[in-house]
1. For a protection proxy built on the mean count of beta-carbon atoms within 10 angstrom, sort 136-147, 84-95 highest first, please.
2. Take each uninterrupted DSSP H stretch in the chain, measure its Cα extent along the helix axis, and return the ones at 18 Å or beyond whose mean Kyte-Doolittle hydropathy is at least -0.5.
3. Of the candidates Pro107, Pro11, Pro46, which one comes out as most mobile in a Gaussian network treatment of the chain with C-alpha springs shorter than 10 Å?
4. Please state, rounded to one decimal and in Å, the Kirkwood hydrodynamic radius that the chain gives when every pair of distinct Cα atoms enters the mean of 1/r.
Amino acid sequence: MMTLYSGTTDPFSQRCRIVLHEKGMDFQIIDVDLDHKPEDLAVMNPYNQVPVLVERDLVLHESNIINEYIDERFPHPQLMPADPVMRARARLFLHRFEKELFIHIDPLESGNQKHVDKARGLVRDALLQIAPVFTKHKHMLGEDYSMLDVAITPLLWRLDYYGIQMPKQAAPLMKYAERLFARPAFSEALTSAERGMRK
């Protein structure tokens, strides 16, 4: 059985919880208090961070790597495109999310007002650039729900929590976010701390 060491408020852990629930398989989740991390976390992950996935003698960290492994191991429903070209494009998108969106999570959570304000603006602008996609498409890669949708969901869920106000032209993006939040697996994967992030 797979075991996921997951932070109850950690957006990267939330991605992995969503994928596990989408797959509807047997797994165990161990909640990690990020202020009092267990000693064995640093043994499993040299960066002493969550999420960490353990299956027998395999230990993985980094949410995108964990999620691709789960997707290959349990291919139904498939979340990465089957076609190698599309899969490579999807990986590039995932990389862009890390570089342009999720890199701002630490500043947003730092409590340093100057850093928070700057990060809010950068995230808002990056999200506005992708908003037009959803005037034509239901999901990131068209009609089908994919790993790209999984990857961005935790950030969209936290917009209010981070104080990121989206302007009117972001309406297609906000409708897309509601579609993501309506998925049963998303709801099942939420921790009580994450539920409290939205009014």
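No lab work stands behind these numbers, since they all come straight from the coordinates. What you are looking at is a predicted structure, and each value in this text was computed from that prediction instead of being measured. Ideal geometry is used to build each Cβ from the backbone, glycine not excepted, and the neighbour counts take in all protein chains shown.
1. Listed from highest to lowest mean packing, they are 136-147, 84-95.
2. 113-130
3. Maximum among the listed residues: Pro46.
4. 17.4 Å
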